[in-house]
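Q: Sharing a structure here in structure tokens format.
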Amino acid sequence: MSRPSPLSASGSTVWRCSFDLPGLRAEVARLEAEAARPDLWSDRDRALATLRRLDLLRRRIERWDGFKGRAAELADVAPLALEDAAIAADLSWERMEARLLELYAKAPSRSGAERR
């Protein structure tokens, strides 16, 4: 039987995924500082792991910032779609779904490898 997560505000027993953008940004800053150390390459495996993780996190943040930018654009354009059929067609669910699927295909998998 599942126990409620102590981190869950609702005490839900359902598994949930959270996306901690400020935490990712803080981890990027920490990894950048680590990557700038002069002794980075004294442990080759650790250096490679650090740089791989840094690259992965930077791509995740960049992708999220892109999503936020696109959402802001859609919010700005949505009222215009009520008045212009061409804009409404451009904002259709089918187009948005296709774009999301395209972005998902480019997203890194949980293992860090690209899905392409």
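Q: Can you tell me which residue is farthest from F19 (Cα to Cα) among those in region 62-98 that are surrounded by 10 or more Cβ atoms within 10 Å (Cβ to Cβ) and modelled with pLDDT under 75?
A: D90
Q: When residues of region 32-53 are filtered for being in contact with a helix residue (DSSP H, G or I) (Cβ under 9 Å, 6 or more places away or on another chain) and within 22 Å of G66 (Cα to Cα), how many remain?
A: Number satisfying all stated conditions: 2.
Q: Okay, moving on. Taking region 33-44, which residues are exposed (fewer than 12 other Cβ atoms within 10 Å of the Cβ), not aromatic (F, W, Y) and not in a loop (DSSP other than H, G, I, E, B)?
A: Within region 33-44, A33, S42, R44 meet the criteria.
Q: Suppose we filter region 55-95 for residues that are touching a residue at least 40 places away in the same chain (Cβ under 8 Å) and not basic (K, R); how many remain?
A: 3
Q: Would you please name the residue that is nearest to the chain's Cα centre (by Cα), looking only at residues in region 45-68 that are more than 22 Å from R99 (Cβ to Cβ) and hydrophobic (A, V, I, L, M, F, W, C)?
A: Only one residue fits best here, namely L57.
Q: What about A47, is it more than 21 Å from A105 (Cα to Cα), in a helix (DSSP H, G or I) and not basic (K, R)?
A: Yes.
Q: Give the residue that is modelled with the highest pLDDT, with candidates limited to residues of region 103-114 that are surrounded by 10 or more Cβ atoms within 10 Å (Cβ to Cβ) and charged (D, E, K, R).
A: So, considering only residues that are surrounded by 10 or more Cβ atoms within 10 Å (Cβ to Cβ) and charged (D, E, K, R), the one modelled with the highest pLDDT is K106.
Q: Let me ask something additional. Cβ-Cβ under 9 Å, sequence separation 6+ or interchain: first residue in region 37-51 and of a type in the set (A, V, I, L, M), partner surrounded by fewer than 12 Cβ atoms within 10 Å (Cβ to Cβ). Which pairs?
A: A47/W41
Q: A further question on this structure: Is there a residue in region 6-22 that is outside any loop (DSSP other than H, G, I, E, B) and either on the phi < 0 side of the Ramachandran plot or at pLDDT 95 or above (or both)?
A: Yes, region 6-22 contains at least one residue that is outside any loop (DSSP other than H, G, I, E, B) and either on the phi < 0 side of the Ramachandran plot or at pLDDT 95 or above (or both).
The values are calculated or read from the model by the stated rules, or taken from the named source; none is laboratory data. Owing to the predicted nature of the structure, the values given are computational and were not obtained by experimental measurement. For neighbour counting, all protein chains shown are included, and Cβ atoms are generated from backbone atoms with ideal geometry for every residue, glycine included.
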